[in-house]
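Comments concern the structure below.
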Amino acid sequence: MSISDKKPLEFGGHSLVWAGDWSPKSARFAASSAHKAGYDLIEILIAEPEKIDAAMTKDLLAEFNLKAAGCFVLTASTDISSADKSIVKAGEELARQAIDKLAAIGGVEFDGPFASSLQPYEQPATKENRANSVGAMKRMADYAADKGINLNIEIVNRYESNLMNTAKEGLLYLEEVDKPNVYLHLDTYHMNIEEDGMVEGVLAAADRIGYVHIGESHRGYLGTGNVDFDSFFGALKTINYSGPITFESFSSVVVDPALSNALRIWRNLWDDSHDLAEKAIKFMKARY
Ligand code: MN
C-alpha cells in the first residue's frame, strides 16, 4: 500500500455502547447518539446478517452523516479454523452473507476476530486448524475485494482464540494469507493481556494495521483501568496510523445475547451510554 492509499482517520463507536440489537428503534438510538457525541463511524455487529435491515441502516447513516464498519464473529458451528470441512464451509458462507450486508449498507471495513471462532479453546490450534483458516481467509479476501471491502482480523486474547494472540503472530498469519485487502485489527483490551507493552506490537505491525479498537482493561470507562493509552497512542503516532479508531465498551446494561455472553460481560461497568461515549471520544481525541 502506498502512502496515498491510506485509509481515512475516523473515530468510531461500537454499536453495543448504545444498543444490544439493530431493530429500527435501537439502530436510530445508536446512530443519533453516535452522531451527537461527534463520532464519524459506527461499528455495527453483523454476526447474524439477516437481522440487519440494509435499507433502513443506509438511510440512518445518511441522516446522521456516519460511516459504518461491520463487526463479525464466528461460533463453534461456523469456525473457519475447524478440522471439520463442513463447519469451515458454513463459516465462509456466513462471512459472505455478512460481507454482502456490509456492502449493501455502504461500509468498507469488515472487522473482528473471525480467523477462528469466539470461544475459549481447550487446546492449541493444530497445523490443520491453521491451514483451514488461512485457506478460507484467502477466499473470503477475494470475495470482499470484489466488493471493495477490507478484512481486518482482530487479534484477541488466549481465552477467545487459540490461533494467534499477538500482533507478531498476526503478521505471520497475514503473510500466509497474502492478500492486499487483509489487515490486522489491534485492540488495546487484548494487547493489555498478551503483548510486551503497548508499543512493540504496533511498531512491528505498522502499515499492516487496518483497524483499531480502544477498550479499557475491564471494558468500561477509558482511563479508569490498567491500559497504558498514552503509550499506545504514542506508538500509533510513530507509525503515522490512519484508519478507524473505534471505542469499544460493554456493560451488562446493554446486552446482545450472543456477543455479551461470549465476551463474559457479567457486570455493570456503566449505565449512561451518552456520558460514556462523550467522555470516550474526548479521551481519544486528546491523545490522537
Ligand atoms: Mn475488540
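The values are calculated or read from the model by the stated rules, or taken from the named source; none is laboratory data. Just so it is clear, the structure is predicted and the values come from calculations on it, not from any experiment. Positions of Cβ are generated from backbone atoms using ideal geometry, with glycine treated the same way; all protein chains shown enter the neighbour counts.
Looking at Ser242, Ser252, Ser260 in this structure, which one is under 22 Å from Leu41 (Cα atoms), hydroxyl-bearing (Ser, Thr, Tyr) and either more than 16 Å from the ligand (Cβ to nearest atom) or free of Cβ contacts under 8 Å to residues at least 12 places away in the same chain (or both)? Working first, answer last.
Values: Ser252 fails: under 22 Å from Leu41 (Cα atoms); Ser260 fails: either more than 16 Å from the ligand (Cβ to nearest atom) or free of Cβ contacts under 8 Å to residues at least 12 places away in the same chain (or both).
Exactly one residue qualifies, and that residue is Ser242.
The rows are residues; the columns are (1) within 13 Å of the ligand (Cβ to nearest atom); (2) in a loop (DSSP other than H, G, I, E, B); (3) under 15 Å from the mean Cα position of the chain (by Cα).
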site	(1), (2), (3)
Lys168	no, no, no
Glu176	no, no, no
Arg219	yes, yes, yes
Val227	yes, yes, no
Phe232	no, no, no
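Considering the conditions (1) among the aliphatic types (A, V, I, L, M); (2) surrounded by 15 or more Cβ atoms within 10 Å (Cβ to Cβ); (3) under 18 Å from Asn65 (Cα atoms), Ala19 is excluded by exactly one of them, (3). Considering segment 234-252, and only residues there that are part of a strand (DSSP E or B) and at pLDDT 95 or above, the residue that is surrounded by the most Cβ atoms within 10 Å (Cβ to Cβ) turns out to be Thr246. When Leu186, Leu174 are checked against the criterion of being of a type outside the set (Asp, Glu), without any contact (Cβ under 8 Å) to a residue 40 or more places away in the chain and either farther than 30 Å from Val227 by Cβ or surrounded by fewer than 23 Cβ atoms within 10 Å (Cβ to Cβ) (or both), a single residue qualifies: Leu174. Within the option set Lys127, Lys85, being among the basic types (Lys, Arg), more than 16 Å from the ligand (Cβ to nearest atom) and without any contact (Cβ under 8 Å) to a residue 24 or more places away in the chain holds for one residue only, Lys127.
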